[in-house]
Each structure stands twice: as C-alpha cells, then as structure tokens.
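Starting off with a structure, shown below.
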Amino acid sequence: MKNNASKLARWAFQAILAGADQLRIGFVARVSPRDRTRHAILGHQSYNPSDFVSQLGLNEFNAWGILKALIDLCLGLDEGKYVIMRDPNKPLIQLYRVPPNSFEDNDSDNDDEKPDPAANA
C-alpha cells in the first residue's frame, strides 16, 4: 500500500469532490504470473470517502489548504498563460509562463474560412 498511497489519496479526494456516497476498491491478481492480460477478481471493499481519507491518515482540510495556496499563488501572477508541471520523481510543482498563443491549433481556427483565390494567383 505504500507505493499506491498517493493513488488512494487522489481517488479518495476525487470521490469527495464528486460528492460520492461510496468509494469501492477492487483487488485483482494475475491468473498466471506470465500472462499480463488475464486477471481474477479477489474481492472488493466499499468505503465512505471521508472515512477512507481519515483511515489513510490524511486531513480533508489540508487538501483544501493546498489548493487555496496554489490559487493564491496564481492570483498573484501577472496576466498571461501558465503551465503547472510536476516532476514524477520529485515532490515539486513548477509553474512556467508560456507565450499567449501556445497550445492553440491554427488549423481548427481556419476551417470556416474560404481560401482567398487571389492568394493562389
């Protein structure tokens, strides 16, 4: 469970944000150790998301505090376009400013426009 603690925490907080009454976790195992495509269901367990968060030793209000700190940081920045990135190997979130036209698809903007015949002459 140590390796999956962040996944469990993420799923628990997602269930809370979604307003779910129940969170179900299934346990599976490979039918054969060499066959990665066939699995057998060993069982499942249902939890109340708030109870599950407390069982994991997490604090629901702490998650909201982290989100509030991130929003406050973004509100203090100059107007523009930013990207939030997290290195999967480090507990570090980085915020980068990108040009305003980044991540825009120029082809989709011109689909409705007819080509100018004078441009081809």
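When the dipole is taken about the Cα centre of the range 1-59, and only Lys, Arg (+1) and Asp, Glu (-1) are charged at their Cβ, what size is it in debye, to the nearest 20?
420 debye
I've got another one for you. I need the GluC sites (Glu not before Pro) found in the range 39-105, filtered to DSSP loop residues with at most 12 other beta carbons within 10 Å of theirs.
Answer in residue order: 79, 104.
Residue by residue, what Karplus-based ³J(HN,Hα) values in Hz, rounded to whole numbers, does the range 90-102 have, using 6.51, -1.76 and 1.60 with θ = phi - 60° and x for Gly and Pro?
9, x, 9, 10, 10, 10, 10, 8, 10, x, x, 8, 5
Name the residues whose placed amide hydrogens come within less than 5 Å of the amide hydrogen of residue 81, ignoring near sequence neighbours (fewer than 5 apart) on the same chain.
Amide H neighbours of residue 81, under 5 Å, 5+ apart: 98.
Something else now. In the full protein assembly as shown, how much of residue 38 is accessible to a 1.4 Å probe, in Å² to the nearest 10?
Accessible area of residue 38: about 140 Å².
Quick one: which residues, 5 or more positions from residue 39 or on another chain, have an amide H under 5 Å from its amide H? H modelled 1.01 Å from N in the peptide plane, none for Pro or chain starts.
HN-HN under 5 Å from residue 39: 31.
Another one. Can you work out the accessible area per residue across the range 1-112, with the rest of the protein chains kept in place, probe 1.4 Å, in square angstrom?
I get 86 Å² per residue for the range 1-112.
Carbon-plus-sulfur fraction of the accessible area of the range 1-49, 1.4 Å probe, in percent?
C and S fraction of accessible area: 50 percent.
Show 81, 7 ordered by accessible area, largest first, where the area counts protein heavy atoms only and the probe is 1.4 Å.
Reading off the accessible areas and sorting them downward yields 7, 81.
The values are calculated or read from the model by the stated rules, or taken from the named source; none is laboratory data. It should be emphasised that the depicted structure is a prediction, and the values quoted were computed from it without experimental measurement. Positions of Cβ are backbone-derived with ideal geometry, glycine not excepted, and every protein chain shown enters the neighbour counts. Remember, those area values only see protein heavy atoms, side chains included, never the ligands or the DNA or RNA. Shrake-Rupley method; radii C 1.70, N 1.55, O 1.52, S 1.80 Å.
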